[in-house]
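Structure, as structure tokens:
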Amino acid sequence: MSTSKNRIAVIPGDGIGPEVVGEAVRVLECVRETHGVELEFTNFDWGAEKFLREGVSLPTGALEMLADEFDAILAGAFGDPRVPSNQHAEDILLGMRRGLDLYINLRPVRLLSPRLSPLRDAKVEDIDFVVFRENTEGAYCGAGGFLKKGTADEIATQEELNTRRGVERIIVAAFEYARSNGRKRVTMADKSNVQRFGGDLWQRVFKEVAADYAEIEAKHQYVDAMAMFMVLDPAQYDVIVSNNLFGDILTDLGAAIQGGLGLAASGNIHPGRVSLFEPVHGSAPAIAGQGIANPVGAILTSAMMLEYLGNRKASQAIEKAVRESILHDETTRDLGGTLSTEQAGTAVCQRLVSK
């Protein structure tokens, strides 16, 4: 790890990834000037082009290099129709998440402007919570297989794995975040009424961990009920914690009520280690290269990265600049504005510099 500068590995990825990550890096360069944040960027060309050209997705030794030489990773989106299996994306993203043991997928859900939410009469203060999604096991562990594949009697199994260690550390992380950030409630989502074994483990561990955080209300909801209440009454949530599958679904719903995937930021985190930050909107190949992609998700992701690296003032300044840009309709078309991707990034930079 670097001691004098925050060393950032930049992996722009596929589709609109290079466009939006380029604007995020430009905003980071602005706060480097305005807030004196010491940042050093190194670009890597991992993605579909390299995979198609060389057959290489995540190069040999890449994980060790990232862990030893960098403080954080800023990545774009991965996915290209020329690679229908999406093998390179799985190798790179899941390779980093699992290989670097990034067990926290952290997704903030914050409404930046009332006009962005599809929920009627939603106020900014009504939608302000974070989701802690377990990021390394559960239904996405890859366990399972086929029996009699391709026949009329085919059987496919997809196994969900939950370990005591994995469940406990994500729940502890959620409560620690609540305590450190003045959040009053942690709500766990599961489906323990039908998923009896994994659900039982989550239920027991949640109660045990909650006992150590008496000042924080511990609440449980079944995931289907939570999906309903996120629409009907999102103001009840402060911190949500859930497994890999349910967390994935709930966070996309959260992105919808805050204004869309183009605004959604995320971090894949192991506290104290190199961690990965990526917007979650996908590579959107249909609009790649047209200059119309929304860079806000990538810019807010870079703000998350700065906060993780201990630069909270710079992180807050970026979010404030984004809010002001949205307030003045300095946005791309998907948010009702008329700006290009580059112009939207410029608008955020100008608001940073003008302060």
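Numbers for the structure displayed
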item	result
Compactness of region 55-100 - radius of gyration and Dmax, Cα, Å	11.3, 33
Sulfur and carbon atoms: percent of accessible area, region 178-331 [1.4 Å]	54 percent
Cβ-Cβ FRET estimate between residue 50 and residue 5, R0 fixed at 30 Å, reported to 0.05	0.65
Trypsin sites (Lys or Arg not before Pro) within region 179-246, DSSP loop, no more than 10 other Cβ atoms inside 10 Å	184
Segment residue 286-residue 354, extension gain: residue separation times 0.36 nm, minus the distance between their alpha carbons	21.0 nm
Given charges at Cβ of Lys, Arg, Asp, Glu: region 107-187 dipole, positive-most of 127, 150, 140	127
Rounded Å value of the spacing that divides the Cα centres of region 190-225 and region 22-70	37 Å
Principal axis dimensions, largest first and in whole angstrom, of the chain by Cα	55, 51, 43
Distance-filtered residues of region 282-298 - backbone nitrogen under 18 Å, label point 7 angstrom along residue 333 Cα→Cβ	284-296
Nitroxide proxy distance, nm - points 7 Å out along Cα→Cβ at residue 143 and residue 222	2.5 nm
Mean separation of Cα contacts under 8 Å (6+ apart) over length of the chain, as relative contact order %	23 percent
Pairwise label distance in nanometres, residue 121 with residue 85, each label 7 Å out on the Cα-Cβ vector	5.4 nm
Relative contact order of region 141-188, pairs being alpha-carbon contacts under 8 Å that are 6 or more residues apart, as %	24 percent
FRET efficiency estimate (nearest 0.05) - Cβ-Cβ, residue 252 to residue 68, R0 41 angstrom	0.75
Kirkwood Rh and Cα Rg combined as Rg over Rh, evaluated for region 230-355	0.97
Zero-based 5 Å bins, Cα pair distances in region 123-230, whole percents	2, 10, 18, 20, 18, 11, 7, 5, 3, 2, 2, 0
Shape of region 1-72, Cα gyration tensor, a/c cut at 1.5	oblate
Qualifying lysines (Cα of each under 20 Å from Cα of residue 5; at least 8 residues distant if same chain)	313
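The values are calculated or read from the model by the stated rules, or taken from the named source; none is laboratory data. Keep in mind that this is a model prediction, so the values were computed, not measured. Note: ideal-geometry Cβ built from the backbone for every residue, glycine included; neighbour counts use all protein chains shown. Quick note on the areas: whole protein, heavy atoms, side chains included, nothing else; ligands and nucleic acids left out. Shrake-Rupley method; radii C 1.70, N 1.55, O 1.52, S 1.80 Å.
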